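Data first, discussion second: the structure below is written as structure tokens.
No value in this document is a laboratory result; all are computed from the given coordinates. In this text the structure is predicted, and so the values were computed from the model without any measurement. Because the Cβ atoms are built from the backbone with ideal geometry, glycine has one as well, and the counts that use them run over all protein chains shown.
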């Protein structure tokens, strides 16, 4: 009965995410899976709340979706609890989303907090950013996927082009944070450090990489500083943040690949894809290419459309 | 399933629409109830009409019966009247007949039939009978026949047969 009625009614899908200082919003009106209209907006918080309310008044079949970018999430190449236990992940504290025979998980605490925070927007669906990569993965083997956004960076490695073998997420540090925190990789560190010896070994290796890292960082900063000369004063702060994020990203990518080779697979990566949704500098792409010694195929993702596509799939489940 | 959360429950209708729908539903329900009431009433009326028709048929039958009875009673009444009249006439006739009997003659028996009269009696003489009783009898009846039998004391026992024939 519900399906029959649904066949004749319009659905309004609203996707949004927070970027820099505003919410990027897409409103899509669909009927029986066909897009009737699609618009994009940029709102502040109050405007977004009012917009969502007006959409609800206009159409009760309004679905609001967004992505959650908390660091405590990841992919596992199985849905079984035994696999999670083998990876040392406490099942009591996570929510698992099984996608056929691999899964995405998220910390319950972070999810609950995010849900509370999103209540004001009447959010229906919360998607993992890992799905942005999963929805756009290629069939190529031994592929490294990177998804770069303003607030986080994700890495997923597919060996067989189907199931994720390795994943990691990194949230860029906010400018207000004075103390530099250690990179958190609790979420999807499929191979966590097992004992002190491993830890010491890791530290030694990281130290040995310091020189190289410093050099590359210096180079990037210098290049960025040169670029900054040409920027308008009002954009300087924004660009500094971008550069800082890019530097952190490169470090994160290096560490993740190192972790992958050491703990997950002996197969060399053959392909690299870099997804982004806003803009990305060629220098940043080149820097990554230099670090991973692989050509990168960069691809702009329409995050809002992907979120709405996922929402539509959810509605039709 | 791709989302960590389930969608909130969605209503197909907005609040205003819901109110309208409730109102329309209520009105429709009332109309349906009223229509049902009328329908049931009509059914009752139909059954009443059937009953009444049956009653009418029964009553017509009764009327027919009563009419027949009335006719019968009327006939009975007529018959009764006729009989009464006849009786009256007979009574008068007898009275007249008795008035006809002269004093010297004594009747011993009278037998009256529809068209005939039989008189039995005693007369001192045949002349008394022939002068006093025979003329009135002859004036009434078509045929009058008398037989005399002499008694020991000289008187006569007589037997008079009088027949009245209908005129053709």
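Need one number: nm distance between label points at residue A:101 and residue B:55, each 7 Å from Cα along Cα→Cβ, rounded to one decimal.
8.6
Under the definition of partner shielding as Cβ atoms of other protein chains within 10 Å of a residue Cβ, what is the mean value for peptide A:115-127?
Other-chain Cβ atoms within 10 Å of each residue's Cβ, averaged: 2.
Classify the stretch A:1-83 as rounded, prolate or oblate, taking a ≥ b ≥ c as the square roots of the eigenvalues of its Cα gyration tensor: rounded when a/c is under 1.5, otherwise prolate if a/b is larger than b/c and oblate if not.
Verdict is oblate for the stretch A:1-83.
How crowded by other chains is B:5-15, given as the mean number of beta carbons from other chains within 10 Å of each beta carbon?
That average works out to 5.
Do the sum for the protein assembly as shown: with -39,500 (n - 2.57) for every DSSP H run of n ≥ 4, divided by all residues, what is the mean residue ellipticity at 222 nm, to the nearest 500 deg cm²/dmol?
-16000 deg cm²/dmol
Shielding of A:96-108 by partners, i.e. mean partner chain Cβ atoms within 10 Å per residue?
That works out to 1 on average.
Between residue B:22 and residue A:90, what's the calculated FRET efficiency when r is the beta-carbon distance and R0 is 45 Å? Round to 0.05.
With R0 = 45 Å, the Cβ-Cβ based efficiency is 0.35.
Going 7 Å from the Cα of residue B:46 in the Cα-to-Cβ direction, what parts of the stretch B:8-38 have a backbone nitrogen less than 16 Å from that spot?
Residues B:35-38 fall inside that zone.
Between rounded, prolate and oblate, where does the protein assembly as shown land on the alpha carbon gyration tensor, with a ≥ b ≥ c its root eigenvalues, rounded for a/c under 1.5, else prolate if a/b exceeds b/c?
Taking the square roots of the gyration eigenvalues as a ≥ b ≥ c, the protein assembly as shown is prolate.
Quick check for you: which residues of the stretch B:1-37 have the amide N under 11 Å from the point 7 Å beyond the Cα of residue A:317 toward its beta carbon?
B:1-7
Between rounded, prolate and oblate, where does chain B land on the alpha carbon gyration tensor, with a ≥ b ≥ c its root eigenvalues, rounded for a/c under 1.5, else prolate if a/b exceeds b/c?
Cα axes put chain B in the prolate bin.
Efficiency by 1/(1 + (r/R0)^6): what FRET value for residue A:160 and residue A:80, r their Cβ-Cβ distance, R0 = 22 Å, to the nearest 0.05?
0.80
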